[in-house]
Each structure stands twice: as structure tokens, then as C-alpha cells.
Amino acid sequence: MKLNKKQWQESIARILRAEYGTDVQSATKKELYGAVSRAVMALVPARKKEDKKRCAYFSAEFLMGRAIYANLLNLGILDEAEDALKELGRDLAEFEEVEDAALGNGGLGRLAACYLDSAASKGIPLDGYGIRYRYGLFRQSFVDGFQHEEGDDWLKWGDPWSVCCERDTVLVRFADLTVRAVPYDMPVFGYKNGVVNNLRLWQSEPVQAFDFTAFNEMRGDQTAVSNFNASKICDVLYPNDNTMTGKILRLRQQYFMVSASLQDIVRAHKAAGKALAELPKSWCFQLNDTHPVIAIPELLRILEGEGMSFEEAFAVCAKCFNFTNHTIMAEALEKWDALALSDLLPDVYEEILACQRKLEADGLDTARFYIVRDNVIHMANLAIFVSAHVNGVAEIHTGILKAETFRDWYERFPEKFVNITNGITPRRWMLLNNPKMAKCIDAVIGSDWHTDLGKIKGIEAHIPALLADFKRIKGENKAKLAAYIKEHDGVDISPDFIFDVQVKRLHEYKRQMLNALSVLYFYFGIKDGSIKDFPPTAFLFGAKAAPGYYMAKAVIKFINEIARLVNGDKDVQDKMKVVFMQNYNVSYAEKIVCAADISEQISMAGMEASGTGNMKFMLNGTVTLGTMDGANVEICEEAGRENNYIFGATVEEVKEIKKFYCPREIVEQNPALKRALQTLIDGTMQDESGMLKKLYESLTTGYQPDRYLVLYDFADYVRVKEQLLRDYGSEAFDKKCLINMANVGKFSADRSVTDYANLIWKL
Ligand code: 26Q
């Protein structure tokens, strides 16, 4: 599977000649990218047909990021490929322009991608199944401080990592049309272990040219409709994160993906000569949130179509399915209108009703347990009722699921509930994005930590010796990020500044507003002299707002206005800078997490299921400024609360506060906060749109003013943030950074997938 330098060069030249009619010297970046990728693909061994049980990870999102570097790294040929190209006068770095495969929104989609990497690297037989969206998550830019969205044409660089498996095409039937589902397979390489798992993404196509029988079954007047709708199913990823819109096209996407996947799996199972009752011995299915939960009634339908009774089919499903919940936000728990679903998928609807009847026949109290009620289908309840295991994604989150969100279910089925704390792959999030730091660690403790992250604990005994290198490398990473920001966002920031970073999706519960208001507080404090000796700090933001999420877009506008105010004021130029980085994505994140001095994880306690960005920063040696929420809690357990900066109301306190909360009182008692808040309405900022005024109102008036306790937590946040800024630069502070890095072991996705394999999949 390995090539020497000469063989590499020959292979690339051959592909360039055959596919593009060109040579290495004149090939465009895109052509060269295609040729290098295809040269790698030519090395992929044929999949061995093994009789091991496999897990299928069903997910509407896979946020893979750029494939080329990660693939070369995992195959152990990154340096060889680099050498081979260099000698030909070309450079791997040219591919930095290649579009990210952004077939996901944020945490949930990136988690799926990290789990694919880790499973392959651990030799765990896990395959991903999802949708090949024509357009991924929109590209973001700012115009006058407002977010603008553009289609993400990720295929314009071609898709050399995928193989179209036309022969595995299946038909997916809706009441009003039948479409072809064509699979595209992407190999998932384990880290230097020869394992190749698979990510199968389905693309919808019109049926005509393919299957004349299916075509003829349809009435003539439906032809045009089906032709129109077929490809539309996979047109675009819904850009929502932690909210749900009840759009029927979204339901079509979900059904399309799971129906195709299950038909494919059942067909292969039968072709291997195995009985369908034995399916649980060969397969299990992990449902990545509620988005693929319609797989449950679909498998019931398929199995009954093969001659099983409902009871028999149900028994198979109850062994095969498992469900991961990623959010407690009511607005993200999927519910579908029963009439709409029965119109679109009448047979599937019958299966859902049969599940509801079974629930009743099992003697569950319908006041507390229901799948269908008042003509609404509750997908999470369906998932819990049928699944063998239900898991949350961090200790605190699983605790809240048990005690609140799914309390009744937990009381009735305690054995189903498990916690599996999220993790990240250390290959992409350290070896690839911070290679110098990785080499530096290798020199001290060897390289076992690449695949056994617990071993990174070994650096703790060498912290004094590592400090100088750590600071130098962080400095270099900061300089690189600063140069990128200059080029990409047009703002000059000095690498000597403290880099205070908040990058994640934009959501009210994540409280970018809290950070924004603190920036204004510092700004006015420096201006009026009440804050002295402020250490020069760059406040860096990155976040996409769902296009339909008004408040989130208002926050972006607000922060961009703050940036205009601060960066345009000569008085504070040597003290602070504010940048809202455009189009934050996986590739941008790789540059950011190795260059940050502060990781802002400041959600209202109880709201962030886990967070995984927090882990990426920790791995790269960054302290967390955060609340006791999500995985922050476990980060403190592992690395010590004293080595991080924790503030704010706890989950228990939030509950109490909400009983009597009056944000106006808080503001009246805190003139500095009031001043920062007033900028939303006092003309400091341009606001012809009226958005900022709405933002002000959401914090101060209405039914639930300041739902996420931004104003309540402000004073404590600023107190701890000021402490952090004072500590920065001391040796004690640098040690905290490395202690965090040393104690990141738990947050390896290798550990997470091993837990899934042992506790849930039983592979
Ligand atoms: C649902 C219906 C219709 C349209 C969109 C959606 C939708 C899409 C994406 C709902 C939710 C999401 C994404 C949720 C998500 O990313 N949750 C995050 O999951 C991470 C991985 O577990 C956690 O670390 C984060 O805390 C959690 O916010």
C-alpha cells in the first residue's frame, strides 16, 4: 500500500495525463488535487468481506472538513507526498484552497466525522450513512456588518474521494413520487493501521432512465413532478443548529436517507444467506439524534414486507436501534404533524401507530408515555421506546435527560440510559493542525499518545522543560493565524496580543452576547481610565447564524458594530482589537484552536449538551473560560478547576434564579453593564434595521426577558475574565495551559467510540 517517491511522481503524472491531458508543471490546482487524491485512492485495498458484526451510524450530517491532509496523515504518507510534490515544483499547501466538505452544521456533524476517524483507527467496524447534499452549509460573509449567505458549492473542486456505486442503487418510495437513491462511498482510513471503513452518502435522482417498471407503475401526470422533486431532495443541508423547522422537505430527506440505507443493509444481509431474524447479530444502528429516527418504522415496514409479524419485527428493531440525544432544547426535539407524515408516508405512519398501540398494550401510562398524541408524532419518544440504549453526550447532560427531559422514560426504563461523553480525534486536532507541538511532545514521551491519548499525561512530569517550546510554538501559530485573519478578514492584529476566542454556532444560549458586552465594558473602562494596565487583547469571534434566526443575526451585527467602534478608535489601538472572522468552518477551526490563549465556553449552565470545541482547545493547551456546563464540568474534573476559569450560575442556581429573575434590577445595580447595554439603543451603533433594538428588548422586556441570564452572569464573568487577563503571561499561567493538555486523555474520540462499542454496540 506504500509507494516510494518516484512511484508517487509517476502515478500523479499518469493520472494527470489520462484524466486531464496535462502535466505536473501546467496542471491547475484543481487538476493536481484530483490527481494526488486519485493516486491515493488507487492504493485503497478492496474491502475484505468479514463476518463481524458492524454498526451503521445514521446521521443527517457529516462535517468532514478537508479530506486530503487527514487521509495522507492516516495513511502515513503525508511527508512522502509532500516530498514528491516539492521535487516537482508543486506544494501540498496549494490544496488549502480546496473547499471543506461542510455537509453538517456544527457539533453534531463534526462529532460524526471524529467518530468515523476514531472507529477506523481503533479497528471498530463502524460505517457512516448519510446524505450527499449538493450544497453544504452556506458560506458566510459580512456586508455592512450583516451576515450574507451564499451557496456552498463544495463539488466545484470535484469529489475525488468518492466512488459512485451505481450497482447498489435502490428505489425510495413516497406517496407522491419514487426516486432512485444512488450511493457514493468515501473510504475512511484508520490511522496507520490499514483499516478502511466506509461513509456511504446517498444522492437522489429521478427514476425514469433507470427503472422502467417503477416508471410505468406511476401515472403519467406524476412524471414531471417526480422529475422535478427527485434531485431536489438532496439539494441542500438545512442550516439549522439546535432548532427545528417543521419543513416537509426535511422529512423527505430523513426518510430518503434511512430507507435507502436499510434497504441496502437488508439486501446485503439476505444476499449473504442470513435470516432476517438474525439481523441483530450482524448489524446495529446508531441514531444520531432524532433526525434519522424514522428508520425505526421503516425497518418495521421492510421486515413485515419480508413476511415477519409486527411482534417479530419489533423484537429485531428493539435489538438493533440505539439513540443519541444531543440537546435538551425543546425547539430542537423533532415533532412531526401526523397528517403531513401520513400523507407522505402512509405505510410508515401505520408502523408508528402500531408502536403507539404496542406502548399501550405494554401497559404504559399514556398520560406520561406517548409517541403520537393530539396528532403530533414525538420522534424522541419513538426512539426511546424502541431503542436498546439511549445516551447523552456528557455526564451533566445525561443527568439532565434522566432527571428532567426524559424523566418518565428513565423511571420506567432505567437500564436503557447510559452516558457517553463526547470526544475529538487527536489526529486532526493535534497532529494535523499543530504538527510542531506534536513533534515536541513526541520528543519527550514518544508517539504512543497518537492512538492512546491518555498517555499524553506523561508530559506532566516534563512541564518545566516543555514551557519554552510551548510558548514559542503557540507564538508561531498566533502569527500564522494573524496573517490569515489579515488576508481573510482584513484586520491587523498583533501576535503579541492575548487571543481570546469564541468560535461555535451562533445561538442565544451560547451567549456570544455575554462576551460582546464584556468587550464594550473593557472598551469604555479603558477610555474613561477606570481600567488601567489592560493587557493587549484580541477578541476573536467566529460563528454562523441560521439564516432564519433573527436574534442570532442581530448578535452578529452587534459584534461587527463593536469591531467597527473599537478598531476605529486610535485611543485603544494598542490595547484591544475585535474581529468577527468570516465563514468559520472546520479548516478555519484548525488554524484557530492551536493559536488561542483563551477558550470561551460560556453557555448558560444546563444548555450546552457537551461542546466539543472546548476539547479541541484543551488538547492544544488552552485554558477554558467557562460555565459549569456540558463537558466543561469534566474538563475541570480532569485538569483541575484551579487550572481553568469558571464563573456563573450553576444548573441548580439557574433553576432558583429563574423563579424570581428581574434583569432590570441587575442592570440598575451595575452602571458599567448598563452603559454597555445602552449602546444597543443610544445611537452608538448604526441600526437602520432595528435589529439591535430588538436585541435590547429580548434582554430587558417581554414574556421572558434575558432567557439565558446574560445580564445575571455578567458581573461574575467579567470578574473571572479580568483575573485571567491578569494571570496571563506568568509562568503559573503557562503551566495551566500544559496541565490542561496533559489531562485531555478522556476527551479522545478513541475513548468515546470504544465506550460505544463496549456498552452499546457490543461488537
Ligand atoms: C432538526 C430538524 C430540522 C432542521 C434541523 C434540525 C437540527 C439540525 C442540527 C437540529 C439540531 C442540530 C444540531 C445539533 C447539535 O449540533 N448539537 C450539538 O451536538 C454536539 C455533539 O454532541 C454537542 O457537543 C453540543 O453541545 C450540541 O449543541
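In sequence order, region 307-323 has phi-based couplings of x, 7, 7, 4, 4, 5, 5, 4, 4, 5, 4, 5, 8, 8, 8, 9, 10 Hz under the Karplus curve 6.51 cos²θ - 1.76 cosθ + 1.60, θ = phi - 60°, and Gly or Pro positions carry x. Remark on F580: its backbone amide H falls under 5 Å from those of F541, a criterion applied only to residues 5 or more positions apart or on other chains, H modelled at 1.01 Å from N. Find the centroid of the Cα atoms in region 443-463 and in region 637-695, then give the distance between the two in whole Å. Between the Cα centre of region 443-463 and that of region 637-695, the gap is 40 Å.
Taking a ≥ b ≥ c as the square roots of the eigenvalues of the alpha carbon gyration tensor, region 457-598 is oblate, as a/c is not under 1.5 and a/b does not beat b/c. Phi angles of region 517-533 translate, via the Karplus equation with coefficients 6.51, -1.76, 1.60 and θ = phi - 60°, into HN-Hα couplings of 5, 5, 4, 5, 4, 5, 4, 5, x, 5, 4, 8, x, 6, 10, 10, 6 Hz per residue; Gly and Pro are given as x.
The phi torsions of region 20-26, fed into the Karplus equation with coefficients 6.51, -1.76 and 1.60 and a -60° offset, translate into couplings of 10, x, 9, 10, 4, 5, 9 Hz, rounded to whole numbers, with Gly and Pro shown as x. Net charge dipole, the chain: roughly 1080 debye, given to the nearest 20, about the Cα centre with Cβ charges of +1 for Lys and Arg and -1 for Asp and Glu. Where a ≥ b ≥ c are the square roots of the eigenvalues of the C-alpha gyration tensor, would you call region 427-489 rounded, which needs a/c under 1.5, or, failing that, prolate if a/b is larger than b/c, or oblate? It comes out oblate by the Cα gyration axes. The charge dipole of region 53-164, taken about the Cα centre with unit charges on the Cβ atoms of Lys, Arg (+1) and Asp, Glu (-1), comes to about 760 debye, rounded to the nearest 20. Amide H contacts for H148 (H built 1.01 Å from N in the peptide plane; partners 5 or more residues away or on another chain; cut-off under 5 Å): S141, F142, V143.
Dipole of region 625-682 computed with +1 at Lys/Arg Cβ and -1 at Asp/Glu Cβ about the Cα centre; of V654, I681, N643, farthest Cα towards the positive end is I681.
Subtracting the Cα-Cα distance of K319 and F413 from their residue separation scaled by 0.36 nm leaves 32.4 nm. Estimated translational diffusion coefficient (Stokes-Einstein, Kirkwood radius over Cα pairs, 20 °C, 1.002 mPa s) of region 575-677: 137 µm² per second.
For region 1-70, state which GluC sites (Glu not before Pro) are in a DSSP loop and have at most 10 other beta carbons lying within 10 Å of their beta carbon. Those satisfying the criteria are E50. Computed about its Cα centre, the charge dipole of region 448-590 is approximately 360 debye, with only Lys, Arg, Asp and Glu carrying charge at their Cβ.
Among residues other than H326 with Cβ under 11 Å from its Cβ, the summed charge is -4 (Lys and Arg +1, Asp and Glu -1). Mean residue ellipticity, 222 nm, helices only, the chain: the sum of -39500 (n - 2.57) across DSSP H runs of n ≥ 4, divided by residue count and rounded to 500, is -13000 deg cm²/dmol.
The ellipsoid that matches the Cα gyration tensor of region 255-396 has semi-axes, each √(5λ) in whole angstrom, of 24, 18, 15, with the longest given first. The overall shape of the chain is oblate: from the C-alpha gyration tensor, with semi-axes ordered a ≥ b ≥ c, the ratio a/c is 1.5 or greater and a/b is no larger than b/c. Count the net charge of all other residues whose Cβ sits under 14 Å from the Cβ of K455, scoring Lys and Arg as +1 and Asp and Glu as -1. Net of charged neighbours comes to -2.
Amide H to amide H, with H built 1.01 Å from N, G128 comes under 5 Å of Y57, N198, L199, R200, counting only residues 5 or more places away or on other chains. Its convex hull of Cα atoms gives region 699-760 a direction-averaged projected area, equal to a quarter of the hull surface, of 7.9 nm².
Each value in this text was obtained by applying a stated rule to the coordinates, not by laboratory testing. Just so it is clear, the model here is predicted, and its values are computed rather than measured. We place every Cβ from the backbone using ideal geometry, glycine too, and count neighbours over all the protein chains shown.
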